[in-house]
Amino acid sequence: MPEDMGLGRLSAMVVAVVLLMKCINGEDPYQFFTWNVTYGDIYPLGVKQQGILINGQFPGPQITSVTNENLIVSVFNSLNEPFLLSWNGVQQRRNSWQDGVYGTNCPIPPGKNFTYVLQVKDQIGSFFYFPSLAFHKAAGGYGSIRIYSRSVIPVPFPPPAADYTILAGDWFKQNHTDLRAILDGGHDLPFPDGILINGRGSNGYTFTVDQGKTYRFRISNVGLVTSLNFRIQGHKMLLVEVEGTHTLQNTYDSFDLHLGQSCSVLVTADQPARDYYIVFSTRFTSQVLTATSLLHYSNSAVSVAGPPPGGPTTQIDWSLNQARSIRQNLTASGPRPNPQGSYHYGMVNTTRTIRLANSAPVINGKKRYAVNSVSFVPADTPLKLADYYNIQGVFSLGSMPDNPTGSGGYLQTSVMAADFRAFFEVVFENSEDTVQSWHIDGHIFFVVGMDGGQWSPASRSNYNLRDGISRCTVQVYPRSWTALYMPLDNVGMWNVRSENWACQYLGQQFYLRVYSPANSLRDEYPIPKNALLCGRASGRKTRPF
């Protein structure tokens, strides 16, 4: 059971001492974080709102780490409702116990704490964390995660003069509780009120650069419902990384970033010394929202001039062609010294094809969202705990169909069964008029194709089986499809979800149970001894050590 706040601090100190002793004995390094989650007044669009703060900050503290480091994050919930944090893009190797979604973890009760024990095993790149329950994401509580390469691993570009983070996303002036009530009533959310850049509205944030130097910008779309395009007035952007994969280094004037996605670009301050706009605007919306921040040359005495540069608005083909240009750098090292291209995904035989179609049915008189007609409803017990304790009646394997059913929507706690070390072909099919964005926890996948119209087996003839980008979040354009190859190399219970947070909240998600019959520590870590137990798992034992 969770400890009280005072005992939680003592427990964290004990854990710290033990882990430091392990570190001395040669294990990968440890970092320790203590976070207090509170409500607080914020004014991002000039209107007082109830925000979710971490250690008094919005956005929350940045996590800066190096490949294979262990991150010990003790989270104290000072809200008046249960809370969880999840780690978008952190793969949680062999450890879905730490994933921080309701399918794997009991919520942290008000006034209690939980300590996450994460390892960024064999990962590099740009990611973020966010609150996963109760539409809390609409109130903040998110922050950035950087994972640097180890010093012995070559990086395919010179060290930048500085490394900047941008967390951008659409924002509503209404509190998250009001937005949640709208969705609970079966209604659509209104159009967002604005775009935030690092928690602030237009011109609320400035990035200072020295003329002639090159800078890395790590950008994440942490919004709720809209894709974004970003650009920097008068400057080119060199794409170098997408969600932990070094990319072919293409140059862009502007770049689309869909819900839940992250990337890194290099920007050289090679223009006359003055201030320039950094612009974010919504994509594929009839009304275009725009927000700006400033790129300030340190030797400049000239303020920003002219209107912010315009960008693409509703053009789908433009975005599709750009997406196809994002490819893997086959010769660059990833988190390990071997080149990224040494894994020849296109030569692996797929073991199963999964076709996933999104829809927006009305069920019991209310708007819902579904995958293959199934609209997910949370169980009374986290699925991972029910699986571990063999608690019957919480979920059924096979409750998530492999293919679209063509039937009306229905409610179900949907779980798809999968075998460890299988190799999936996954096809997302979008027959609607809006862009979809999908994330798969615990895994990376290779984007092998995307196109308009209906997918068919003949579509495979145009797959990219050589240098498709590997990532964890991918878009699906309106009336289009996107195909992935995905190695199932991580045992656990993993969330597959829409990154449109209204769709996710109203059922557009399911869980993928990747199972190994070996029941070995080689494949999966045991249940954490500090695991919170709730629902039908309450009162059971975790493990003694």
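Over region 376-429, what percent of the accessible surface lies on carbon and sulfur atoms, probe 1.4 Å? About 47 percent, which is the carbon plus sulfur part of the accessible surface. Helices from the chain with mean Kyte-Doolittle at least -0.5 and a Cα length along the axis of 15 Å or more, per DSSP H: which? Length and hydropathy pass: 5-24. Residues in region 351-395 near a label at ASN519, defined as backbone nitrogen under 17 Å from the 7 Å Cα→Cβ point? Answer for region 351-395: 385-392.
Overall, the accessible surface of region 198-267 at a probe of 1.4 angstrom is composed of carbon and sulfur to the extent of 43 percent. Between the beta carbons of LYS367 and ALA301, assuming R0 = 60 Å, the FRET efficiency works out to 0.65 to the nearest 0.05.
The alpha carbon gyration tensor of region 291-331 gives principal lengths a ≥ b ≥ c with a/c of 1.5 or higher and a/b no greater than b/c, which makes the shape oblate. Per residue, the accessible area of the chain comes to 38 Å² when a 1.4 Å probe rolls over the protein heavy atoms.
Does the chain classify as rounded, prolate or oblate by the C-alpha gyration tensor (a ≥ b ≥ c root eigenvalues; a/c under 1.5 gives rounded; else a/b over b/c gives prolate, otherwise oblate)? Note, shape of the chain comes out rounded. Here ASN36 and ALA161 are evaluated by their C-beta separation; at R0 = 45 Å the FRET efficiency comes out at 0.85.
Ordering of 474-480, 78-84 by packing is 474-480, 78-84, highest average first (other Cβ atoms within 10 Å, averaged per residue).
Overall shape: oblate for region 431-534, with the ratio a/c of the largest to smallest alpha carbon gyration tensor axis at 1.5 or above and b/c at least equal to a/b. Using 0.36 nm per residue and subtracting the Cα-Cα separation, the extra length available between ALA181 and LEU248 on full extension is 19.7 nm.
Straight-line cross-link partners of LYS137 among the lysines, defined as a Cα under 18 Å from its Cα and at least 8 positions apart when in the same chain: LYS48, LYS173. Extension gain, SER325-LYS529: 0.36 nm per intervening residue step, less the Cα-Cα distance, totals 68.9 nm.
Model label sites at VAL152 and SER78, defined 7 Å from Cα along the beta-carbon direction, differ in position by 4.3 nm.
Taken along the Cα-to-beta-carbon direction at a fixed 7 Å, the label points for PHE420 and ASP122 span 1.4 nm. Element breakdown for region 49-171 at a 1.4 angstrom probe: carbon and sulfur atoms account for 54% of the accessible area. In this simple spin-label model, placing a label point 7 Å from the Cα along the Cα-to-Cβ direction at both THR353 and GLU432 gives a separation of 2.5 nm.
The values are calculated or read from the model by the stated rules, or taken from the named source; none is laboratory data. All figures in this text were calculated on a predicted structure; none of them were measured in a lab. Cβ coordinates were reconstructed from backbone atoms using ideal geometry, including for glycine residues, and neighbour counts include every protein chain displayed. Calculation scope for accessible area: heavy atoms of the full protein, side chains included, ligands and nucleic acids excluded. Shrake-Rupley method; radii C 1.70, N 1.55, O 1.52, S 1.80 Å.
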